[in-house]
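**Student:** Provided herewith is a single structure, encoded as structure tokens, for subsequent inquiry.
The values are calculated or read from the model by the stated rules, or taken from the named source; none is laboratory data. Quick caveat: nothing in here was measured; it's all calculated off a predicted structure. As a convention, Cβ positions derive from the backbone with ideal geometry for all residues, glycine included, and neighbour counts pool all protein chains shown.
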Amino acid sequence: MRHGACREVKVLEVVPLGQSKRPGEFFELRLELPDWEAWRPGQFVMLRPLSWGLELVWGRPFSIASADRGVLCVLFQALGRGTRRLAGLRPGDQVLVWGPLGNGFAVDPGKRTLILAGGMGLAPFRAYVERHPAPDLIRLFFAHRFPLECYPFDYLSGLVDAVRVEERSPGDLALVIDALRAEMAAFDQRGLILACGPTPFLGTVRDRALELGLAERTQLSLEERMACGVGACLGCAVKDAGGGNVQVCSRGPVFWAGDVQLGRG
């Protein structure tokens, strides 16, 4: 795991994604790339615009969607005060970035890899696919609720074998779960399974991995609220396999499926 340094960088642009002027707007935030020595897909950054002052004290965590050619990109949904303020940033605004933080995803170039993404859990896999030495061995399963153009699915489906399931109503959730479980059951057990998404989605992945004996080949990237991002505040702890507490920011966000406990999906 890595604990990155803090840097002040400038906003390059904020790009709306999908349908605008509706609840749950989606955006891509493009920042100057800090002078990082290295980073891995699956790691994250903490962001705090300097304009927040004392009104919003804590930064916000975001998966690294991409970081190359001088540009750091994160994808987000404007839901709370912090993310709504992020959506209003303008080119040239200053943002404090600390990262790259946490663990990245495993890579096994010679084995097939199944990516399971739910909603904005697709974000860290953009960089993973771009950097993978054998994208032809990757299959992507994507479950989403908002319009497809809110996510980078079309871009990724042009690089890897991909399938998606749309949840248009609460009744569709069972269909999503059935499709997810079927994807895992049909997968080559010698490969890797990588998942990111809401906790119920990850809970389903974890339970299925245990059922199929794939816990040691399945990784989960957890989505938890964070304040510090470096393990100082204990606000993002989850239960480990033994019932103790483990911090997502400093010990994750990527865990092997058998190492953490999650609610059942």
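**Student:** Output the residue which, of all residues in the stretch 202-219 that are hydrophobic (A, V, I, L, M, F, W, C) and assigned to a helix (DSSP H, G or I), is surrounded by the fewest Cβ atoms within 10 Å (Cβ to Cβ).
**Tutor:** The initial filter retains those residues of the stretch 202-219 that are hydrophobic (A, V, I, L, M, F, W, C), namely 202, 205, 209-210, 212, 214-215.
Narrowing further to those that are assigned to a helix (DSSP H, G or I): 202, 205, 209-210, 212, 215.
Working: Leu202: 25, Val205: 28, Ala209: 22, Leu210: 13, Leu212: 16, Ala215: 18.
Across the stretch 202-219, the extreme among qualifying residues is Leu210.
**Student:** Residue check: is Arg84 among the basic types (Lys, Arg), exposed (fewer than 14 other Cβ atoms within 10 Å of the Cβ) and modelled with pLDDT of 95 or more?
**Tutor:** Here the answer is no, as Arg84 does not meet what is asked.
**Student:** Among the residues of the stretch 167-184, write down those that are over 20 Å from Thr199 (Cβ atoms) and either modelled with pLDDT of 95 or more or in contact with a helix residue (DSSP H, G or I) (Cβ under 9 Å, 6 or more places away or on another chain) (or both).
**Tutor:** Correct list: empty.
**Student:** Evaluate the following for Leu156: is it modelled with pLDDT of 90 or more and under 17 Å from the mean Cα position of the chain (by Cα)?
**Tutor:** Details: modelled with pLDDT of 90 or more: yes; under 17 Å from the mean Cα position of the chain (by Cα): yes.
In short, yes.
**Student:** Does Phe141 satisfy being in a loop (DSSP other than H, G, I, E, B) and crowded, with 20+ Cβ neighbours inside 10 Å?
**Tutor:** no
**Student:** Out of all the residues in the stretch 147-201, which are touching a Gly at 6+ places or on another chain (Cβ under 6 Å), over 16 Å from Phe125 (Cα atoms) and part of a loop (DSSP other than H, G, I, E, B)?
**Tutor:** Answer for the stretch 147-201, where residues must be touching a Gly at 6+ places or on another chain (Cβ under 6 Å), over 16 Å from Phe125 (Cα atoms) and part of a loop (DSSP other than H, G, I, E, B): just Pro147.
**Student:** Run down Val74, Val97, Val107 and say which single residue is outside any strand (DSSP E or B) and β-branched (Val, Ile, Thr).
**Tutor:** Answer to the selection: Val107.
**Student:** Between a first residue in the stretch 234-256 that is closer than 12 Å to Leu202 by Cβ and at pLDDT below 75 and a second residue that is buried (at least 16 other Cβ atoms within 10 Å of the Cβ) and of a type in the set (Ser, Thr, Tyr), which pairs have beta carbons less than 9 Å apart while being 6 or more apart in sequence or on different chains?
**Tutor:** Here the result reads Gly252/Ser221, each pair linking the stretch 234-256 to a residue that is buried (at least 16 other Cβ atoms within 10 Å of the Cβ) and of a type in the set (Ser, Thr, Tyr).
**Student:** Condition test on Arg48, is it farther than 21 Å from Gly102 by Cβ and modelled with pLDDT of 90 or more?
**Tutor:** No, not satisfied.
**Student:** Separate question: One residue is enough: does the stretch 57-66 have a residue meeting the conditions surrounded by 15 or more Cβ atoms within 10 Å (Cβ to Cβ), of a type in the set (Gly, Ala, Ser), modelled with pLDDT under 90 and closer than 22 Å to Leu194 by Cβ?
**Tutor:** We begin by selecting, within the stretch 57-66, every residue surrounded by 15 or more Cβ atoms within 10 Å (Cβ to Cβ); these are 58-66.
Applying the additional criterion that residues be of a type in the set (Gly, Ala, Ser) yields 59, 63, 65-66.
So of that shortlist, the ones also modelled with pLDDT under 90 come out as 59.
The next check asks that each one be closer than 22 Å to Leu194 by Cβ; those that pass are none.
No, the conditions are met nowhere in the stretch 57-66.
**Student:** Any residue at all in the stretch 146-157 that is in contact (Cβ under 8 Å) with a residue 40 or more places away in the chain, under 20 Å from Val205 (Cβ atoms) and in the same structural domain as Gly203 (by TED's automatic domain parsing)?
**Tutor:** yes
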